[in-house]
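The values are calculated or read from the model by the stated rules, or taken from the named source; none is laboratory data. Predicted, not measured: the structure shown is a model, and the values here were computed from it. Virtual Cβ from ideal backbone geometry, glycine too; neighbours counted across all protein chains shown. Calculation scope for accessible area: heavy atoms of the full protein, side chains included, ligands and nucleic acids excluded. Shrake-Rupley method; radii C 1.70, N 1.55, O 1.52, S 1.80 Å.
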Amino acid sequence: MRLLIRFFVFLFVLALIGVGGALFGLWHYSKGLPEHRQLADYDPPTVTRVHAADGRLLAEFATEKRVFVPIEAIPKRVIDAFLAAEDADFYEHPGVNPLSIARAALQNLKNLGKDRRPVGASTITQQVAKNFLLTNEVSIERKIKEALLAFRIEKAFTKERILELYMNEIYLGLGSYGAAAAALNYFDKPLAALTLAEAAYLAALPKAPNNYHPTRRYAAAIDRRNWVIDRMLEEGLIDDESATEAKLEPLETRGRAETQSASAPYFAEEVRRELIGRFGESGLYGGGLSVRTTLDPALQEIADRVLRAGLITYDRRHGWRGPLATIALGPDWSERLAAVGPPPGLAPWRMAVVLDVDEKSARIGLAAEASVGDPKVANPAVADGDGADSEVADGGGAQGEGTIPFSEARWARAWLEDQRFGNAPRKLTDVLAVGDVVAVEAVTEDDDGKAYPEGTYALRQIPDVQGALVALDPHTGRILAMSGGWSQEGSEFNRATQAMRQPGSAFKPIVYLTALDNGFTPSSIIVDGPFVIDQGAGLGKWKPSNYSNKFYGPSTMRLGLEKSRNLMTVRLAQHIGMDKVAETAERLGVVDDLPEHLSLALGAGETTVLRLTTAYAMLVNGGKRITPTLIDRVQDHNGETVYRHDQRPCDGCAATAWHDQPVPFVPDTREQVVDPISAYQVVSMLEGVVQRGTGVRVAAVGKPLAGKTGTTNESFDTWFVGFAPDLAVGVFVGFDQPKTLGAKETGSSAAAPIFRDFMAEALADRPAIPFRVPPGVRLVRVNRETGVPAGPGDSKVILEAFKPGTVPARGSAQTVYDGSGYDDSAYGGGSGGSSPAVRPAETAVGTGGLY
C-alpha cells in the first residue's frame, strides 16, 4: 500500500512539475510575441498595374506580385484544393492540429539519420502566424511561438478571415504572392476561370514551388497535382469522374497573351518615374495602383519600328564598322560563339560566326536564340528580386547554319572617320572573313522580290547613332507614343525626355511667331544678305551664313521659313528683339530661361524632343496651352481615383443613369498663350515647308502636314518636328556624345524620313483633314514669291493668311525697316550705307519688310 501511495505521490509531483514547466514555457515564449491583432488591419503590398489607353497591360511594378482578392470572391473549387492539400481539418481545429503533429512526429522519428528535412504539421492558421508575424527559422522555439500565435489568431478572427489572409499571402513561385497572382502568372486566367486540374496544381505549390516547376520538373509537378486531386477525392470534395478527368488534363502553363499586353519600355519607365514622384516608392511598389496611361499601342508599334528603320538606314549609309568580335574556329566553335555573348540591342536579330566565305556568299553558324521557360507577364518591369524561378536558355550550342549572299552585304562600305565611308565592296571577302562574329537577320526575298533559298540571312549592324520620336495629341497633351532610342536594353537613357540638344532651324518658327505678333505678315519682305555683328572686345565678328553659303536678296518671310534661311531669321530676330523671342520661347515651354543672344535665334539653345513637340502642338491647336502627360488617371487599390490629368469641371458627368437630362457641358479651360491668328499663320507657313521647302520629302504622305527641319552646326543634331491637324510629332537623330553625323546630313535627310514614314502609317486610315482656320483670318490669293495679291496670269499663287487690316495692296511701295548696317542699295531699297527709318505702321501700304 505504501508503495502504491508513493507511486501516486510521485505521479502527482511529476504532474505538478509538468504543469509548472508547461506554464513556465507558456510564460517564457509568450514574452515578446508579435501583436497578432495587427492582422485586423492587414493591407498587403499589391502590384501596381500600368495599362495602355486601350486597356492592354503595359507594365507591373511590385516588390511582391500580389493581387488581393476577398475570400468571398475566391471560388470554392480553389479553396477546396488548398484545404485538401494543406489543412483538411481547418474548420475543426482551434489553430493547432494534434493529430497532424503526432503523425509528423512519428514520420520524423522514422527519418532520423536519413539527412532529411523535418516534416511539418503546420495548419493554415500556423502558416498565417509564420508568414505574417515570424521568420522562416527552423527551430523548436519558432514552432512553439507559431502554435501560441495560432491559438490567439483563432480566438481573434473568423476562419474566413484567416483563410483570406492565407490565400492572399502564400508564395507560389514565379514571383506570385497569393492565389490570384499565381493564376495569372501560370495560366493567364482569373481564379474563377481555373479548371479543377489548374486549381489543384496551384494548391500543390505552397510547400516548395521550385520542386514542382511546370517545365523544369514537369513529372514531379504532375505527380504532386494528382496527389492534391486524390486528397480532394478522399475528402469528398469531388467525385470519381471529376478526379479522373482532372488527372488526364495536361499541365499547360501560359504567359500573358500578346493581345493583352503592349510594349513601350521608354514610355513605361517615364511613367514609373512620375508615379514615384507622386506616390513615393512604397505607393508604387506596394500600393496596388491601377494606372491608365495615354499610350496608343498601335502608334507606339509604328514609332518603334520606323525609328529603328530610320536609324538603320542612316547607319548603313555611313558604312560597315566591322564584326562584333573575331573567334578562332574549331569543333567547339558554337561554345566559343556563345562565350562572346549577344551585345545589348541585338534583338530581334541573331548572332552568327562566319565559317567560310568566298566572293559571292558566306556560310555562317548561328548562335542559339535565348528562350524563356517560365510563363511571364509581358513587359513585367517587376522589381520582385525573385530570380530563383526564372529559366532562361544560355544561348549556347549550335543552332544550325545559314548563308549570307553578297547582295545582302553590298551596303557594307568601310566606315571612315567623321562618318565618311570608303568605296563600295566588290566581293563579299572585302567585308567578311572567317571567324568574324556578326549580327544577321533571316530574309526571304531580295529587294526585287525574288525569293531566297531557306536559310538565307542578311548582314546587319547595330547602329551607334541614336534618336527619339514623340507623338502627342495637340489638343490635350496626351502622349500617344514615345520611343527614346534604338533599344532600352542597350541604353535606358530616354532621348525624348532627357537629352538636351540644340534644335537648330526647328527653333525658327518661334522667331517668326514673335514677328507676326509684332506687326509682320507672312508677306513681309526681309533681305537675305550679308550680316555681321561685332561681338565685343576680343570676341571678333559673328558672320552667320545660309546652309548653301549663298545670298538670295529680298524675300518674303514665308519663303525665309520654307527655305530655312539663316540670314533672314537673324535679321528678323535682331529687329524685333531677342527679349521678345526669348519670352515667346519660354511661354511655349521650349526653354525655361533663354539667354538673349542673337545666335540663339538659329536654335543654339538646348531643349528636348518632348518640349519642342509640345510647343509645335500649341501652334496647331490654335495657341492654347497644353501640358504633356503620360497618365490619364490613377486609382488606388480600392478603386478610388487619386489622380486625374483632366481637371476640367463637369457638372453632370458623374450621373449613373440617363433620364433625358441635358448633355453635360465641359468647358475649355486651356489658357490662350498665343494669338490664334498668329499661330495659324505659322501653321500655314510650316505647311509650305512641307509643300515646297526643306521638308518636301514629307509631302509624299499625301495628307495635310506641316513641320520644320532642324540641323545644327556640323550636323551634330538633326530634327523634324511637325503635325497634322490632330497629331503632333517630333523626331531627333544624333549621337549620344555629340559629333558630326557626316557631310550633307541634315534634318531633311536623317529625321524627316522617319517623320514621313510614321505619319504615313499613323494617318493611313484617317481622312485628309485641312488645318483649321480661326475666326478673323483673311485668306488672300498672293504671288508666293512677292507676297502681293495675285494678278491676272500669275502662276505661282497660294492662299496667304492675314490679320484684318494687314493685307498688302498690289503695286504699293514697300515698308522699309532698319537693315542693321546692311547696304540695301544693292537691292534698290534705299541710299547706300544709311539706316532707313521705320515707316509708321498706319501708313504702310505694301507688304512691309526688313531691309
Phi-based couplings in Hz for the range 557-567 (Karplus 6.51, -1.76, 1.60; Gly and Pro marked x): 4, 4, 4, x, 7, 4, 9, 6, 7, 5, 5
Length gain on complete extension for the stretch Glu281 to Ala809, per 0.36 nm per residue less the alpha carbon to alpha carbon distance? 183.6 nm
For the range 414-470, what size does the Cα cloud have along each of its three principal axes, sorted from largest down, in whole Å? 37, 37, 24
Modelling each spin label as a point 7 Å along the Cα-to-Cβ direction, I'd like the Ala193/Arg321 distance in nm, to one decimal. 4.5 nm
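Take the cross-link list Lys130/Lys155; Lys76/Lys189; Lys541/Lys708; Lys76/Lys247; Lys550/Lys796 and give me the ones stretching past 21 Å between alpha-carbons. Can you show the working numbers first?
Working: Lys130/Lys155 17 Å; Lys76/Lys189 16 Å; Lys541/Lys708 29 Å; Lys76/Lys247 19 Å; Lys550/Lys796 23 Å.
Violating the 21 Å Cα-Cα cut-off are Lys541/Lys708; Lys550/Lys796.
Among residues other than His51 whose Cβ falls under 11 Å from its Cβ, what is the net charge (Lys/Arg +1, Asp/Glu -1)? Don't jump to the answer; show the numbers that get you there.
Numbers: positive: Arg49, Arg56, Arg292, Arg633; negative: Asp54, Glu60, Asp632.
Net charge around His51: +1.
For the range 259-354, what is the accessible area per residue in Å² when the probe is 1.4 Å?
Details: 3880 Å² over 96 residues.
Each residue of the range 259-354 exposes 40 Å² on average to a 1.4 Å probe.
Ignoring ligands, DNA and RNA, what percent of the accessible area of the range 619-714 is carbon or sulfur (1.4 Å)? Can you show the working numbers first?
Details: 2430 of 4990 Å².
Answer for the range 619-714: carbon and sulfur cover 49 percent of the accessible area.
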Under a plain spin-label model, where a point goes 7 Å from the Cα along Cα-to-Cβ, how far apart in nm are Glu369 and Glu72? 4.8 nm
Arrange the peptides 793-801, 751-759 so that the one whose residues have, on average, the most other Cβ atoms within 10 Å appears first. 751-759, 793-801
Want the number for Arg644 to Ala537: 0.36 nm per residue separation, take away the alpha-carbon distance, what's left? 33.0 nm
The answer for Arg478, listing residues at least 5 apart or on another chain whose modeled amide H is closer than 5 Å to its amide H, is Asp473, Thr629
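Carbon-plus-sulfur fraction of the accessible area of the range 228-290, 1.4 Å probe, in percent? Walk me through the numbers before you get to the answer.
Numbers: 1460 of 3250 Å².
Carbon with sulfur: 45 percent of the solvent-accessible area.
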Search the structure for amide H atoms under 5 Å from the amide H of Asp632, placed 1.01 Å from N in the peptide plane, and list their residues when 5 or more places away or on another chain. Arg292, Thr293, Thr294
Shape call for the range 544-649, from the Cα gyration tensor axes a ≥ b ≥ c (a/c under 1.5 means rounded, otherwise prolate when a/b beats b/c, else oblate), comes out prolate
Quickly rank 232-240, 693-701, 260-268 as a protection proxy: mean count of other C-beta atoms within 10 Å, highest first. 260-268, 693-701, 232-240
With the crude spin-label approximation of a point 7 Å out along Cα→Cβ, what separation in nm comes out for Asp726 versus Ala424? 4.5 nm
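Given a 1.4 angstrom probe, I'd like the percentage of the accessible area of the range 149-213 that is carbon and sulfur, rounded to a whole number.
Values: 1000 of 1750 Å².
Roughly 57 percent, rounded to a whole number.
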Can you list the residues, at least 5 places off or on another chain, whose amide H is less than 5 Å from the amide H of Gln466, using H built in the peptide plane? Gly734, Phe735, Asp736
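Might you tell me the accessible area per residue for the range 592-644, computed with a 1.4 Å probe and given in Å²? Let's see the in-between values first.
On the way: 2150 Å² over 53 residues.
Roughly 41 Å² per residue, with all protein chains present.
Please compare each pair in Lys580/Lys744; Lys543/Lys744; Lys580/Lys739 to a cut-off of 26 Å on the Cα-Cα distance and tell me which ones are over it. The partial results should precede the final answer.
Numbers: Lys580/Lys744 33 Å; Lys543/Lys744 21 Å; Lys580/Lys739 32 Å.
Check vs 26 Å cut-off fails for Lys580/Lys744; Lys580/Lys739.
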For the range 676-734: accessible area per residue (Å², 1.4 Å): 23 Å²
Using θ = phi - 60° and the Karplus form 6.51 cos²θ - 1.76 cosθ + 1.60, what ³J(HN,Hα) does each residue of the range 224-231 get, whole Hz, x for Gly and Pro? 5, 4, 5, 4, 5, 4, 4, 5
With θ set to phi - 60°, apply the Karplus curve 6.51 cos²θ - 1.76 cosθ + 1.60 along the range 432-446 and write out the HN-Hα couplings as whole Hz, x wherever there is a Gly or Pro. 10, 9, 4, x, 5, 9, 9, 8, 9, 9, 5, 10, 10, 8, 8
